[in-house]
Amino acid sequence: MSKAEKKINGVLRVLTALLELGEATAVELQKKARISNYYTLRTYIEALKEVEFIEEEYSSGPPAKYIIKLTEKGKQAAEHAKTILELAGIEV
């Protein structure tokens with residue numbers, strides 16, 4: 001699998017994981033999307049924030065944390081991402 005394919009696969013997994021979870025911390029999202037490297041996950045999160053598919057909100061807690069969730073546009077994209085992964089035979 002090429003680097004580009006891995007990145008696309010990772011972004012699709014993040015979208016579908018958030019679709020299932022509704023909202024999550026980065027650690028919860030990393031586990032659900034099965035992304036082993038936290039910094040790679042952060043790269044995906046930043047890319048998805050740039051295109052306004054997800055948003056990150058600070059929750060003062062306790063404990064304090066950032067909550068990641070899909071925007072309306074992101075929910076539509078996540079539905080398509082789920083279909084793409086299913087068609088590719090990749091477990092979602």
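The values are calculated or read from the model by the stated rules, or taken from the named source; none is laboratory data. Quick caveat: nothing in here was measured; it's all calculated off a predicted structure. Glycine gets a Cβ as well: all are built from the backbone with ideal geometry, and neighbour counts include every protein chain shown.
The residues on offer are 64, 78, and the sole one that is aliphatic (A, V, I, L, M), in contact with a strand residue (DSSP E or B) (Cβ under 8 Å, 6 or more places away or on another chain) and at pLDDT 95 or above is 78.
With respect to (1) more than 18 Å from residue 81 (Cα to Cα); (2) at pLDDT below 95, the lone exception for residue 11 is condition (1).
Quick check on residue 23: is it modelled with pLDDT under 95 and out of contact with any helix residue (DSSP H, G or I) (no Cβ under 8 Å at 6 or more places or on another chain)? Against the criterion (modelled with pLDDT under 95 and out of contact with any helix residue (DSSP H, G or I) (no Cβ under 8 Å at 6 or more places or on another chain)), residue 23 does not qualify.
Restricting attention to segment 14-42, and to residues there that are farther than 16 Å from residue 85 by Cα, out of contact with any Gly (no Cβ under 7 Å at 6 or more places or on another chain) and hydroxyl-bearing (Ser, Thr, Tyr), which single residue is surrounded by the most Cβ atoms within 10 Å (Cβ to Cβ)? Filtering segment 14-42 for residues that are farther than 16 Å from residue 85 by Cα, out of contact with any Gly (no Cβ under 7 Å at 6 or more places or on another chain) and hydroxyl-bearing (Ser, Thr, Tyr), the one surrounded by the most Cβ atoms within 10 Å (Cβ to Cβ) comes out as 25. Residues in segment 15-60 that are part of a helix (DSSP H, G or I) and touching a strand residue (DSSP E or B) at 6+ places or on another chain (Cβ under 8 Å): 15, 17, 18, 19, 26, 29, 32, 45, 48, 49.
I'm checking my understanding of the structure. Among residues of segment 43-58 that are of a type outside the set (Gly, Ala, Ser) and within 13 Å of residue 7 (Cβ to Cβ), which one is surrounded by the most Cβ atoms within 10 Å (Cβ to Cβ)?
The selected residue is 48.
Which condition from (1) loosely packed, with under 13 Cβ neighbours inside 10 Å; (2) at pLDDT 90 or above; (3) over 12 Å from the mean Cα position of the chain (by Cα) is the one that residue 83 breaks? Just one mismatch for residue 83, condition (1).
Scan segment 62-77 for residues that are under 15 Å from residue 12 (Cβ atoms) and free of Cβ contacts under 8 Å to residues at least 60 places away in the same chain and jot them down. Passing the criteria: 70, 74, 75, 76. For segment 61-75, the set of residues classified as out of contact with any Asp or Glu (no Cβ under 6 Å at 6 or more places or on another chain) and surrounded by 13 or more Cβ atoms within 10 Å (Cβ to Cβ) consists of 65, 70, 74, 75, listed by residue number. Scanning segment 73-92 for residues that are of a type in the set (D, E, K, R) and over 15 Å from residue 17 (Cα atoms) gives a single hit, 73.
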